[in-house]
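Worksheet: one structure, shown below.
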Amino acid sequence: MTSADQATLTKRLLDTLLEARIAHALYTATKFGFADLLASEPKTSTELAESSNTHAPTVARLLRALAGSGFFAQLDDGRFVNTPLSELLRADGANSMRNNVLFINDDIMSQAWTKLPGTVQTGKPSFDLHYGENIWQYLWKHPEAGAVFDAGMTSISSMYANAMANAYDFEGIGTICDVGGGRGILLGTILAKYPHLRGILFDQPQVVASVGQGHDWAPVKDRCQVVGGSFFESVPEADAYVLKSVIHDWSDEDAVRILKTVHKAAKPGQKLLVFDAIVQPGNAPDDGKVLDLFMLVMTTGGRERTEKEFATILNAAGFDLVRVIPTQSNKSILESRRR
Ligand SMILES: C[S@@+](CC[C@H](N)C(=O)[O-])C[C@H]1O[C@@H](n2cnc3c(N)ncnc32)[C@H](O)[C@@H]1O
């Protein structure tokens with residue numbers, strides 16, 4: 001290897017380490033709402049600090065570092081402005097990713113990631129190692145953390161909802177139940193595209209209590225029933241079922257339990273659509289493999305799966321995988337039918 005090759009590799013490694021710190025700086029800038037404060041005009045770090053109860057010289061250093069990655073920019077006179085990237089951090093901006101950034105890097109999630117070495121040693125989930133209980137128990141007991149999670153999921157899913165609604169033809173379906181549907185972003189997007197369709201949003205009672213927050217629910221509200229409960233016990237009857245980013249939260253055993261509950265409510269021949277990442281073979285960059293680490297850290301036994309692994313758990317619960325439909329996102333639609 002030449003010394004130039006060696007230098008390139010070393011830089012690549014250092015860049016990866018620095019990116020992780022930039023992600024933390026991004027979280028911090030988002031937490032203090034700097035993108036919102038810069039929505040209408042450029043501001044000095046002193047003005048930003050006064051409005052956010054922060055330390056002006058440190059704000060300047062934080063935003064200067066982020067500007068190097070395209071978030072915010074510093075003008076020649078020293079004031080800061082938004083860039084198209086930092087606009088995404090605004091609470092009120094179109095396609096706001098604010099809640100996504102706050103969710104992925106917040107203290108609760110970050111603490112769990114510190115236990116990844118323990119997870120690699122023992123196979124036990126990092127979240128459980130750190131908090132002594134699983135994520136769903138924790139979020140239930142800490143409603144503020146639950147609200148950050150639900151808002152974060154809504155924000156993440158807003159990136160995918162259109163891609164998914166566009167990738168599948170819901171025309172022949174009368175009523176669709178979104179099982180573990182969070183605050184309803186995906187179901188709302190599908191119902192908005194298909195005016196004939198009726199929906200049932202099903203999730204835990206404390207989650208469906210804030211249905212519609214963070215997205216445009218009003219236009220579809222009258223066509224959707226909202227039901228609270230546990231998908232380990234029962235789910236409502238519908239003509240077809242959707243499970244988005246749910247199966248990946250659970251071990252094979254628990255995933256089969258959830259799918260069996262759906263099987264019990266469904267009739268033979270009815271459709272079940274699972275929206276999840278599919279882990280690809282080979283060494284090419286694969287969001288699914290990185291999301292799989294999130295599942296390892298956050299969930300008790302959750303994992304991203306290959307198509308074959310999905311076919312196996314679907315089959316064990318009484319569903320036949322019919323086809324896999326790619327979407328313009330890192331999730332695919334696995335269409336299956338109840339036997
Ligand atoms: C990763 S989130 C996905 C939310 C939504 N489908 C989306 O993609 O935006 C998983 C969802 O499963 C729900 N969930 C967890 N345990 C549940 C249970 N026992 N019964 C019903 N829903 C549950 C959570 O409340 C959460 O909304």
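The values are calculated or read from the model by the stated rules, or taken from the named source; none is laboratory data. Predicted model only: the values in this text are computed from it and were never measured. Every residue, glycine as well, gets a Cβ built from its backbone with ideal geometry; the counts of neighbours run over all protein chains shown. Please note that ligands, DNA and RNA were not included when accessible areas were found on the heavy atoms of the full protein model with its side chains. Shrake-Rupley method; radii C 1.70, N 1.55, O 1.52, S 1.80 Å.
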- prompt: Where does the chain land at 222 nm, in deg cm²/dmol rounded to the nearest 500, when only DSSP H runs of n ≥ 4 count, each adding -39500 (n - 2.57), divided by all residues?
  reply: -14500 deg cm²/dmol
statement: Over its alpha-carbon atoms, the range 3-96 yields an Rg and a Dmax in Å of 14.9, 49
query: For the chain, with the dipole built from +1 on Lys and Arg beta-carbon atoms and -1 on Asp and Glu ones, taken about the Cα centre, which of 290, 278, 134 lies farthest toward the positive end?
result: 278
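Just for the chain, what percent of DSSP beta bridges are antiparallel, to the closest 5? Each step should come with its number before you reach the end.
Numbers: 17 of 36 bridges.
Roughly 45 percent of the beta bridges in the chain run antiparallel, per DSSP.
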query: For the range 68-108, what is the charge dipole size about the Cα centre, in debye to the nearest 20, if Lys and Arg each add +1 at the Cβ and Asp and Glu each add -1 at the Cβ?
result: 80 debye
message: Please give the Cα centre distance for the range 273-339 versus the range 130-145, rounded to the nearest Å.
response: 25 Å
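Determine the relative contact order of the range 107-338: mean sequence separation of Cα pairs under 8 Å and six or more apart, normalised by residue count, in whole percent. Could you put the intermediate results ahead of the total?
Details: 440 pairs, mean separation 45.8, N = 232.
The normalised contact order for the range 107-338 reaches 20 percent.
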- request: Could you check how much of the accessible area of the range 295-339 is carbon and sulfur, as a whole percent, using a 1.4 Å probe?
  value: 49 percent
- request: Calculate how steeply helix 252-265 sits against the longest principal axis of the alpha-carbon atoms of the chain, using the helix alpha-carbon long axis, and give the answer as 0 to 90 degrees to the nearest 10.
  value: 50 degrees
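Based on Cβ point charges of +1 for Lys and Arg and -1 for Asp and Glu, what charge dipole magnitude is obtained for the range 3-96 about its Cα centre, in debye rounded to the nearest 20? Can you show the working numbers first?
Details: 9 positive and 11 negative charges, 64 e Å.
Its charge dipole is roughly 300 debye.
Taking all protein chains together and a probe of 1.4 Å, list 197, 18 from the most accessible to the least accessible.
The residues order as 18, 197, largest area first.
Apply the Kirkwood formula to the chain: the hydrodynamic radius equals the inverse of the mean of 1/r over all pairs of different alpha-carbon atoms; give it in Å with one decimal.
On the way: mean 1/r = 0.0460 Å⁻¹.
In the chain this quantity evaluates to 21.7 Å.
What accessible area per residue, rounded to a whole number of Å², is obtained for the range 54-115 using a probe radius of 1.4 Å? Display every interim value, and only then the final one.
On the way: 3240 Å² over 62 residues.
Roughly 52 Å² per residue, with all protein chains present.
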task: State to the nearest 20 debye the size of the charge dipole of the range 107-338 about its Cα centre, where the only charges are +1 on K and R beta carbons and -1 on D and E beta carbons.
output: 360 debye
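Could you tell me which trypsin sites (Lys or Arg not before Pro) in the range 196-282 are loop residues by DSSP with no more than 16 other beta carbons within 10 angstrom of their beta carbon? Display every interim value, and only then the final one.
On the way: sites: 198, 221, 223, 244, 257, 260, 264, 271; in loops: none.
Here no loop site has a sparse enough neighbourhood.
Hey, got a sec? Which GluC sites (Glu not before Pro) in the range 133-206 land in a DSSP loop and have at most 15 other Cβ atoms within 10 Å? Spell out each step's value before the answer.
On the way: sites: 133, 144, 171; in loops: 133, 171.
Passing both the DSSP loop test and the Cβ count: 133, 171.
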field: Simple spin-label estimate for residue 213 and residue 290 in nanometres, 7 Å along Cα-Cβ
entry: 2.8 nm
